[in-house]
Amino acid sequence: MLELCGVTSFYGESQALFGVSLHIRESEVVTLLGRNGMGKSTTIRSIMGLTPARTGTIRYLGKEIQDLPSYKIARMGIGLVPEGRQIFPNLTVRENLIATASNYRKAPQPYSLSDIFDIFPRLADRLTHYGNQLSGGEQQMLAVGRALMINPGLLILDEATEGLAPLIRKEIWRGLKILKGKGLAILIIDKNIEALMAISERHYIMEKGQIAWSGTTEDWQKKPELKSRYLGID
C-alpha cells in the first residue's frame, strides 16, 4: 500500500533522513519507533509532502507521490493525525468533522458522523462544544475522527497518545483496535510500547534519520535489548 525507498529529506541544508525505506501492506498496523529527534516525524512529513523528499521514491497504491502537494496526497487516501492535533479551535466538534469531509477515493461505505461517534462516544456528548473547549484527549479523538472523515485507506498518527491521561489513552487504543478490525491500514508513532505491541504486526526503529531495525512483534519480543539500545527503556 505504502512504500518508501531510499528517501532523504532536508531542513534547509541540514539532512534529516538518510535513505529511509519501509513499507505498509493493506490492513496492516505498523509502528515507527525511536527516541525523540531520530526522524520519525520527518518521515511522516515526507510521506505527506510537508517536508518533501529530496531523493528516493514514495509510492502509495503503486503511484509515486513524493512530488505531489499535500492536499493531493490526502485526496489519494492518506489521513494524518498530526502531533499537536491541530484541530480548529473556533469550530464545534460537528463543524470540525464535516469541514474537510470527503470521499475522493470513492469508498463504498464512507464514514458518517454516527460512525465516528460509535468509535469515540465521548465526541457525541461534545457535539456543540468548540475545539478549544475540549480536553486534550477529546481533541485527539476529534483529530482522529476528522482524519477518518476523508475516508482514508491509510491512517497515520504522530504521537497517538502523548500527554494524555491513562483512561483517555485506553479510549484511543480501543478506537484504534476498532479501526484495525475494520481493515484500515495504520502507521503509528507513540511511546506506549505495550499498547503498540498489542495492536501492531510490524515495527520499524529509527536512529539518526535511518531505519536501524525492523521486524514483527514476535521478533521484538525475542530481542529485549532493543528497548534500552534504541528507546532508552530498561
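Where a number appears in this text, it was derived from the coordinates with a stated rule and is not lab data. Keep in mind the model is a prediction, meaning the values are calculated, not measured. Glycine gets a Cβ as well: all are built from the backbone with ideal geometry, and neighbour counts include every protein chain shown.
Observations on the model:
- Contact annotation: residue pairs with Cβ atoms under 6 Å, 6 or more positions apart or on different chains, pairing a residue in region 199-216 that is buried (at least 19 other Cβ atoms within 10 Å of the Cβ) with a partner that is aromatic (Phe, Trp, Tyr), are His203/Trp220; Ile205/Trp213; Ile205/Tyr230; Gly209/Phe18; Ile211/Tyr204.
- Qualifying residue in region 86-93 (condition: surrounded by 14 or more Cβ atoms within 10 Å (Cβ to Cβ), assigned to a loop (DSSP other than H, G, I, E, B) and under 17 Å from the mean Cα position of the chain (by Cα)): yes
- When the residues of region 29-74 are filtered to those that are touching a residue at least 60 places away in the same chain (Cβ under 8 Å) and in a helix (DSSP H, G or I), the one that is surrounded by the most Cβ atoms within 10 Å (Cβ to Cβ) is Thr43.
- Ala160 at negative phi, within 13 Å of the chain's Cα centre (by Cα) and surrounded by fewer than 22 Cβ atoms within 10 Å (Cβ to Cβ): no
- Here is the figure for region 217-234: residues that are without any contact (Cβ under 8 Å) to a residue 60 or more places away in the chain and on the phi > 0 side of the Ramachandran plot total 0.
- Number of the exception - Glu171 against (1) free of Cβ contacts under 8 Å to residues at least 60 places away in the same chain; (2) closer than 21 Å to Lys227 by Cβ: (2)
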